[in-house]
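In what follows, a structure is listed as structure tokens, so that the remarks can point back to it.
The values are calculated or read from the model by the stated rules, or taken from the named source; none is laboratory data. Not measured: the values here are computed from a predicted model. Cβ: placed from backbone, ideal geometry, glycine included. Neighbour counts: every protein chain shown. Protein only, heavy atoms only, side chains kept; ligands, DNA and RNA dropped before computing areas. Shrake-Rupley method; radii C 1.70, N 1.55, O 1.52, S 1.80 Å.
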Amino acid sequence: SLTQAWQKTVKVAVTGASGQISNHLLFMLASGEVFGKNQPVALQLLGSDRSFGALEGVAMELEDSLYPLLREVSISTDPFAVMSDADWALMIGAKPRGPGQERADLLDQNGRIFVDQGRALNEAAGRNCKVMVVGNPCNTNALIAMENAPNIPRKNFHALTRLDENRAKCQLALKAGKFYTNVSRTAIWGNHSTTQVPDFINARIGGRPAIDVVQDMKWFKEEFTPTVANRGGALIKKWGRSSAASTAVSIADAIRSLVTPTAPGDCFSSAVCTDGNPYGIKEGLIFSMPCRSKGDGDYEICDDFIIDDWLRKKIAATEEELVKEKECVGHLIGITGAACR
Ligand code: LMR
């Protein structure tokens with residue numbers, strides 16, 4: 001046929017749209033490399049009064065780029081307008097962590113933002129909107145948004161741990177002297193924080209268990225694990241700000257993993273709701289686990305990962321941290337009587 005069968009435009013709401021991460025991500029979304037080369041996109045961008053000039057600048061640059069798939073760019077400081085009919089909500093905006101600041105400091109500062117934006121999602125977004133929370137502390141921010149958006153399926157909420165997975169794959173590939181495409185089944189468990197658990201037990205390099213290829217448990221436990229878990233902090237020390245370009249790339253990867261089928265036997269990491277999870281992790285948390293997708297935007301949690309004693313202990317510690325974070329934001333998710341420990 002002479003007429004191209006265009007798909008219905010996908011509406012993508014982005015918060016923190018004038019920030020450093022968005023400045024990389026928006027151009028990837030507009031180019032078609034995330035949602036596909038025959039998938040038109042509309043970008044609905046949220047900024048603050050303070051950043052509105054920069055937001056207008058971003059919109060002007062997007063327009064001037066003449067992306068054939070970019071059908072509309074709208075900007076606003078009103079979360080309800082930005083979330084309107086959204087198919088995806090990429091919640092990037094949050095006060096970033098500065099040098100020497102712990103993620104816990106951000107819990108309170110950022111929590112309120114995610115109450116308001118969760119309510120906006122609940123009222124205005126598409127009923128099957130997929131939500132990806134990036135602003136830190138992202139697991140707990142995603143939990144706050146989810147609890148304030150009961151009209152959106154709990155399953156649709158993600159917090160970004162694909163960046164951690166990519167960092168883990170990089171370290172495994174470097175150690176094994178193989179290109180990163182040989183590394184598969186690299187799960188991140190738990191919180192996007194220093195308690196995260198990069199899983200070398202189930203990871204494969206060239207189809208073989210990574211622990212058979214590298215054969216150095218001391219390296220896995222004492223170098224690989226802390227290197228991956230502390231990479232975000234190490235980058236903040238170098239840049240004086242959080243990672244931006246690699247974060248944007250990993251958001252693109254995370255979305256692509258949900259809209260394209262996962263290779264047989266492989267997985268991708270995403271922090272998702274633990275309700276009904278196959279690993280006995282406490283329900284009602286947003287916890288990174290290995291997932292796979294048929295490519296329809298939905299996912300299931302992989303149920304065939306081996307949990308040895310190392311993983312069990314590490315997973316329990318990151319679970320405990322997330323339980324504590326949840327208690328600290330009890331007042332934002334309708335739990336009374338909880339207190340920050
Ligand atoms: C990262 O992993 O690079 C960031 O989430 C670090 C941070 O806390 O901002």
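Annotations
- Among (1) charged (D, E, K, R); (2) within 14 Å of the ligand (Cβ to nearest atom); (3) open to solvent by less than 50 Å² (accessible area, probe 1.4 Å) - the single one residue 199 does not satisfy: (2)
- Selected residue (criterion: farthest from residue 170 (Cα to Cα)) from residues of the stretch 218-236 that are open to solvent by 60 Å² or more (accessible area, probe 1.4 Å) and within 11 Å of the ligand (Cβ to nearest atom): 230
- Any hit, the stretch 246-256, residues being open to solvent by 60 Å² or more (accessible area, probe 1.4 Å), of a type in the set (A, V, I, L, M) and within 16 Å of the ligand (Cβ to nearest atom): yes
- Exclusive hit being farther than 30 Å from residue 330 by Cα, touching a Lys or Arg at 6+ places or on another chain (Cβ under 7 Å), in contact (Cβ under 8 Å) with a residue 60 or more places away in the chain and assigned by TED's automatic domain parsing to the domain that holds residue 292, set 167, 231, 204: 167
- Among the conditions (1) outside any helix (DSSP H, G or I); (2) over 26 Å from residue 106 (Cα atoms), residue 213 misses just one, which is (1).
- In the condition set (1) under 21 Å from the mean Cα position of the chain (by Cα); (2) more than 29 Å from residue 217 (Cα to Cα), residue 268 is compliant with all but (2).
- Any hit, the stretch 307-326, residues being more than 22 Å from residue 147 (Cβ to Cβ) and either part of a loop (DSSP other than H, G, I, E, B) or hydroxyl-bearing (Ser, Thr, Tyr) (or both): yes
- Here residue 282 passes the criteria (1) closer than 28 Å to residue 33 by Cβ; (2) assigned to a loop (DSSP other than H, G, I, E, B) except the one numbered (1).
- The number of residues in the stretch 257-282 being in contact with a strand residue (DSSP E or B) (Cβ under 8 Å, 6 or more places away or on another chain) and surrounded by fewer than 14 Cβ atoms within 10 Å (Cβ to Cβ) comes to 3.
- Hey, residue 182 assigned by TED's automatic domain parsing to the domain that holds residue 107, surrounded by fewer than 24 Cβ atoms within 10 Å (Cβ to Cβ) and either out of contact with any His (no Cβ under 8 Å at 6 or more places or on another chain) or within 19 Å of residue 96 (Cβ to Cβ) (or both) or not: no
- Unique match (being among the charged types (D, E, K, R) and over 21 Å from residue 155 (Cβ atoms)) among 309, 304, 296: 309
- For the stretch 311-331, filtered to residues that are more than 21 Å from the chain's Cα centre (by Cα) and modelled with pLDDT under 95, the residue that is most open to solvent (accessible area, probe 1.4 Å) is 331.
- Restricting attention to the stretch 35-57, the residues being free of Cβ contacts under 8 Å to residues at least 24 places away in the same chain and either closer than 20 Å to residue 295 by Cα or touching a strand residue (DSSP E or B) at 6+ places or on another chain (Cβ under 7 Å) (or both) number 1.
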